[in-house]
Amino acid sequence: MIIWQHPAASTPLLHCRRMVASRRRATHARPSKLPGRVLRIDSETSVELDAGLQFMRALWELVHALQKASKRMTVGLGVTRPQRLVLRVIGLAPGISAGGLATVLHLHPSTLTGVLKRLETQGLVSRVPHAVDGRRAVLRLTAQGQRLNVATEGTVEAAARATLRQISSRDRAAIRHSLELLVDELDKPSARAPARRGRNRARPA
């Protein structure tokens, strides 16, 4: 069993271990449920993670869970997690342009090209001329797309709503702000192109 233990503690936190075991299967106890920064693997091995590595570990776990949920949605609903989100936004704003959709989702329009094409191929989304400017195309859900545009259990959206109901509005704002800060940091030029060792070595004359 992998448990978290504070660096100053000399014995396992038995009470916390019992709490975790009662909430999750004993074979899949989640270390993050216990306080401290030391990941105790066995009696001889432990790893101390700083705050940044702990955060990355939690994000990695989240990404893995999102990928699994997306696969389940593909089997159950016929759409992936990103496709489902696009459907929901178009359903909330019928007649939205591809550029407007990208703005809502904070994505570059080219990122959505493949998602929209697949949704059109599946008969869930259609492009129609703008009511005033016929040169512009806007997005609308088809009748088949409308049938998927409802709250559904087993989706990432449902899990997100269930999670938000369990935390305070202050915690929601803090989590959203933290994720936005992380996105900003990752979008900085220094984060986009990390230096590689040996790249800037002087060439021999």
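The residues listed here are Arg72, Arg81; of these, the one that is touching a helix residue (DSSP H, G or I) at 6+ places or on another chain (Cβ under 7 Å), charged (D, E, K, R) and closer than 27 Å to Ala159 by Cβ is Arg81.
Taken residue by residue, region 148-159 has no member that is more than 17 Å from Leu85 (Cα to Cα), surrounded by 12 or more Cβ atoms within 10 Å (Cβ to Cβ) and assigned by TED's automatic domain parsing to the domain that holds Ala58.
The values are calculated or read from the model by the stated rules, or taken from the named source; none is laboratory data. Computed from a predicted structure; not experimentally measured. So basically every Cβ, Gly included, is an ideal-geometry build from the backbone, and we count neighbours across all protein chains shown.
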